[in-house]
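Everything below concerns the one structure shown next.
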Amino acid sequence: MSVAKKQYKRVTTKSVVEMKTNGEKISMLTAYDYTMAKIVDGAGIDVILVGDSASNVMAGHETTLPITLDQMIYHASSVIRAVKRALVVVDIPFGSYQSDPKEALRSAIRIMKESGGHAVKVEGGKEIKESIKRILNAGIPVMGHLGLTPQSIYKFGTYTVRAKEEEEAEKLKEDARMLEKAGCFAVVLEKVPAKLAKEVADILTIPVIGIGAGNGVDGQVLVTHDMLGMTHEFNPRFLRRYLNMYEEMTNAFEQYAADVKSVDFPNEKEQY
Ligand code: KIV
């Protein structure tokens, strides 16, 4: 089933742009630790995102805001040790790039140096243009992120679909053009109308990776724990669950507990 795997021994920022040019869709999933990253990479997923969604998924915070740069570097370095093929993109967390371009560059350099990540991702458009340029000027590849940008959740006040109105849609298109012009190698579009997302993908030559953005874009990203069904309280319309790991794992843990209690585990063959 691993179609792209044969073609690209190692996925680079250049290969994902090439995939768009060749009409090959890009697959992207999150990972925050060594074991998961090894499985995701081995399955031939093109891009692994060390997302700041680690703040929710790994640490149990309500938003992505609390995760720190040190914590992101820890997650990213664990992922990097596992990956042989995928391009690894690391989110710069909230509070580590918004204040000024120098801070943004310092944070991006720390991620690249200390984790070995291949690129960084930042949320936002023209408000952070100078920071993006500063990072790119240092030779660090940048992936943009527009639409629903969870680091700004307190500004939006809700996780509902973004850019449904003309004014916000126009700004999003302008921002997307700016990101491409500045030199970003790809853009994530989160929770925007499918028609708008397709329009943006058609305008840009760099790939647009969607999450809740329909199938007219150049690739898709999901949070791995969500698509595996490990989380079960989060049920947005865009999420397809490929497994029900919550149930599978619960059954396994219950069986283990029962086996321990009944002294069924360990048996003769499971001891020395
Ligand atoms: O942090 C994350 O997982 C993300 C994806 C939802 C795109 O930014």
With a 10 Å cut-off between alpha carbons and a GNM built on the chain, which of GLU254, GLU24, GLU114 moves the most? GLU254
Along the positive direction of the dipole of the chain (beta-carbon charges: Lys, Arg +1; Asp, Glu -1; about the Cα centre), which of GLY183, THR63, ILE209 reaches farthest? GLY183
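Which entries in the list LYS9/LYS198; LYS38/LYS113; LYS121/LYS198; LYS25/LYS191; LYS20/LYS164; LYS20/LYS181 go over 24 Å, if you measure between the two C-alpha atoms of each?
On the way: LYS9/LYS198 29 Å; LYS38/LYS113 21 Å; LYS121/LYS198 21 Å; LYS25/LYS191 19 Å; LYS20/LYS164 26 Å; LYS20/LYS181 17 Å.
In this structure, LYS9/LYS198; LYS20/LYS164 exceed 24 Å between Cα atoms.
What does the charge add up to near GLY229, with Lys and Arg as +1, Asp and Glu as -1, over the other residues with Cβ less than 9 Å from its Cβ?
Working: positive: ARG241; negative: ASP226, GLU247, GLU248.
So the environment of GLY229 carries a net charge of -2.
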Heavy-atom accessible area of SER115 with all protein chains present, probe 1.4 Å, nearest 10 Å²? 10
Which residue fluctuates most in the GNM of the chain (Cα springs below 10 Å): ILE73, ILE203, ILE48? ILE203
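Just need the relative contact order of the chain here, percent rounded to a whole number, with Cα pairs under 8 Å and 6+ apart. Walk me through the intermediate numbers first.
Values: 504 pairs, mean separation 41.3, N = 272.
RCO, the chain: 15 percent.
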For the stretch 26-108, just the Cα atoms, rotate onto the principal axes and tell me the three extents in Å, largest first. 38, 27, 22
Using Cα springs under 10 Å in a Gaussian network model of the chain, which residue among ASN22, ASN56, ASN215 shows the largest mean-square fluctuation? ASN22
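Just from its helices, what would the mean residue ellipticity at 222 nm be for the chain, if runs of 4 or more DSSP H residues each count -39500 (n - 2.57) and the sum is divided by every residue, rounded to the nearest 500 deg cm²/dmol?
Numbers: 12 runs with 117 residues, N = 272.
Value at 222 nm, helices only: -12500 deg cm²/dmol.
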Collect residues whose amide H, placed 1.01 Å from N in the peptide plane, falls under 5 Å from the amide H of LYS121; neighbours closer than 5 in sequence don't count. VAL90, ASP91, ILE92, MET143
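Taking the Cα centre of the stretch 164-272 as origin, work out the dipole magnitude from +1 charges on Lys and Arg Cβ and -1 charges on Asp and Glu Cβ, in debye rounded to 20. Let's see the in-between values first.
Values: 13 positive and 21 negative charges, 61 e Å.
Dipole about the Cα centre, nearest 20: 300 debye.
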Computed FRET efficiency, Cβ-Cβ of SER99 and LYS9, R0 35 Å: what is it to the nearest 0.05? 0.35
Please work out the FRET efficiency for the pair THR63 and VAL260, using the Cβ-Cβ distance as r and a Förster radius of 30 Å; give the result to the nearest 0.05. 0.20
Positive-pole candidate from VAL17, VAL260, GLY219, dipole of the chain, charges at beta carbon: VAL17
Starting from the Cα of GLU130, step 7 Å along the direction of its Cβ; do the same at LYS181; then give the gap between the two resulting points in nm. 1.7
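For the pair ASN244 and PHE156, what calculated FRET efficiency results from E = 1/(1 + (r/R0)^6), where r is the Cβ-Cβ distance and R0 = 35 Å, to the nearest 0.05?
Numbers: r = 31 Å, r/R0 = 0.88.
Given R0 = 35 Å and the Cβ-Cβ separation, E is 0.70.
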Counting pairs of alpha carbon atoms under 8 Å apart in space and at least six apart in sequence, what relative contact order in percent does the stretch 36-113 give? 35
With all protein chains present, how much of the accessible area of the stretch 13-241 (probe radius 1.4 Å) comes from carbon and sulfur, to the nearest whole percent? 53
Order TYR159, TYR242, most accessible first, counting only protein heavy atoms with a 1.4 angstrom probe. TYR242, TYR159
Under 20 Å from the GLU166 label point (7 Å along Cα→beta-carbon), backbone N, the stretch 184-200: 193-200
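Taking every pair of Cα atoms in the chain, average 1/r, invert it to obtain the Kirkwood radius, and report Rg/Rh to two decimals. Numbers along the way, then the final one.
Working: Rg = 19.7 Å, Rh = 19.4 Å.
With Rh from the inverse mean 1/r over Cα pairs, Rg/Rh is 1.01.
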If you count only protein heavy atoms with a 1.4 Å probe, what accessible area per residue comes out for the chain, rounded to a whole Å²? 53
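The values are calculated or read from the model by the stated rules, or taken from the named source; none is laboratory data. Just so it is clear, the model here is predicted, and its values are computed rather than measured. Note: ideal-geometry Cβ built from the backbone for every residue, glycine included; neighbour counts use all protein chains shown. What goes into the accessible areas is simple: the full protein's heavy atoms, side chains included, and nothing from ligands, DNA or RNA. Shrake-Rupley method; radii C 1.70, N 1.55, O 1.52, S 1.80 Å.
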